Structures are given as C-alpha cells and as structure tokens.
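Read-outs throughout are calculated quantities, based only on the coordinates presented, and are distinct from any laboratory measurement. Note that this is a predicted model, so its numbers are computed, not measured. With ideal geometry, Cβ positions are generated from the backbone for all residues, glycine too; neighbour counts draw on all protein chains shown.
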Amino acid sequence: MPVSDSETYDTYVKWLEKNKPTSCFDIGVGFGNIGNITKLILPDIKLYGVEIFAPYLNYRGGKPFKVYDAIIIGDILNLKNKLWKVDFVCAFDIIEHLERKDGIETIKYLQRIAKRGVIVSVPIIDYPQGEVLGNIHETHLTQWKIDEMKKLGGKLLFKGRICGLFYFKHKL
C-alpha cells in the first residue's frame, strides 16, 4: 500500500526523538506519511525519498511531498551504488515487495549508506497483496518472519499485530 500500517509509528517517533538524525532516505515514499512524520519531529532534517511509482507524487496535489528535499523516481534495485550516505534510512513496507534475495541485498546496501542504521518495517503475518491503484510494484513477493529479520542482523524494535519494526546497524 502507498501508506504503511500506523501501528509502528509511535516506536518510529521515539527512535527519531532519541537519535535525532540530520539526514534520511525514505525508501518507498508512497503517499508521504513517513516523510511527514519525520519532518514533524525533526523539522531541520535533510529528507530524501525514493519512489518507484511516480503517480503517487500527485496525491493530494503533491502537498505531502513538499517536506522532501529531493525525491528520486526509480526502483531501489536499480539505484544501488547511486544513492549517497545519510544518517539513516527508513524502508517502511518495501522489503516485502522484493524477492527474498533482492530484499536481503537491499537491506545490506542500505546499511552501507546509512551511517547510523536502517529502520525496516515489514508485515510479520501472512499478508498477501496484489496490485494497488494500478501499481504492480505493490504486490507482496516475500513473506518475512521476525526470526528471519533477526538472522539478518535486525533488532526488533516493535512487534505489532501486523507489522514488525527492525533496526539494522550501519555496516561497511
């Protein structure tokens, strides 16, 4: 969905308030909810986005996207080694849209560009999903479990009814 489940938002806000990063990539901007939350908590943050489906950027006349310093239209799989280092990266409800191998490689890549780590939110229950609003990229290709995220190095920050929120440390 172009909007992530809100059950992880409180934990995300607490992480932002505690860590106070100065720059961020929001992977999978969607309708801009995560960017708006981030900018509300940290008004001076340099906020960059990546979105594969350009029509989302016309949502509500584009108003939610004014908080971003820049938005790159493209597939994260094609942007590896093209993004720059930032304090942290957030990827809310993105990894499940990738094949397992691509999801793992994407998390590892994001860890390299995120000086203070990566926050990943994924459904932790069986949550099939197909095309949404004409966007075939909304299809869920991989189901993730908490133990799998932990094996990849993710620290569980929040376990909800639907989603889990994980923190991955920076890696060279």
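Please check: in the Gaussian network model of the chain (C-alpha springs, under 10 Å), which one of 150, 46, 101 has the largest mean-square fluctuation.
101
How high is the relative contact order of region 6-168, in percent, with contacts defined as C-alpha pairs under 8 Å that are six or more residues apart?
Details: 300 pairs, mean separation 34.1, N = 163.
The normalised contact order for region 6-168 reaches 21 percent.
Given (i) 73, 49, 29; (ii) 37, 36, 32; (iii) 47, 44, 29, which label gives Cα extents along the principal axes in Å as computed from the coordinates?
Computing Cα extents along the principal axes in Å and matching it to (i) 73, 49, 29; (ii) 37, 36, 32; (iii) 47, 44, 29 gives (ii).
Let me spell out the model: positive unit charges on the Cβ of Lys and Arg, negative unit charges on the Cβ of Asp and Glu, origin at the Cα centre of region 6-168. What dipole size does that give, in debye rounded to 20?
Once rounded to the nearest 20, the dipole reads 680 debye.
Could you list which residues have their amide H under 5 Å from that of residue 72, counting only those 5 or more apart in sequence or on another chain, with H placed in the peptide plane?
Distant-sequence amide H within range of residue 72: 49, 50, 51.
Going by C-beta contacts inside 10 Å, put 29, 13 in order with the fewest on the left.
Ascending Cβ contact count within 10 Å gives the list 13, 29.
For residue 163, list long-range residues whose amide hydrogen, built 1.01 Å from N in the peptide plane, is under 5 Å from its own amide hydrogen.
Amide H neighbours of residue 163: 124.
Could you derive backbone 3J(HN,Hα) for region 160-170 from the dihedral phi with the Karplus parameters 6.51, -1.76 and 1.60 (θ = phi - 60°), listing whole Hz in sequence and x where the residue is Gly or Pro?
x, 5, 10, 10, x, 10, 10, 10, 10, 5, 4
Please compute the net charge surrounding residue 84, taking Lys and Arg as +1 and Asp and Glu as -1 over other residues with Cβ under 13 Å from its Cβ.
Numbers: positive: 46, 80, 82, 85, 112, 115; negative: 69, 87.
Its environment carries a net charge of +4.
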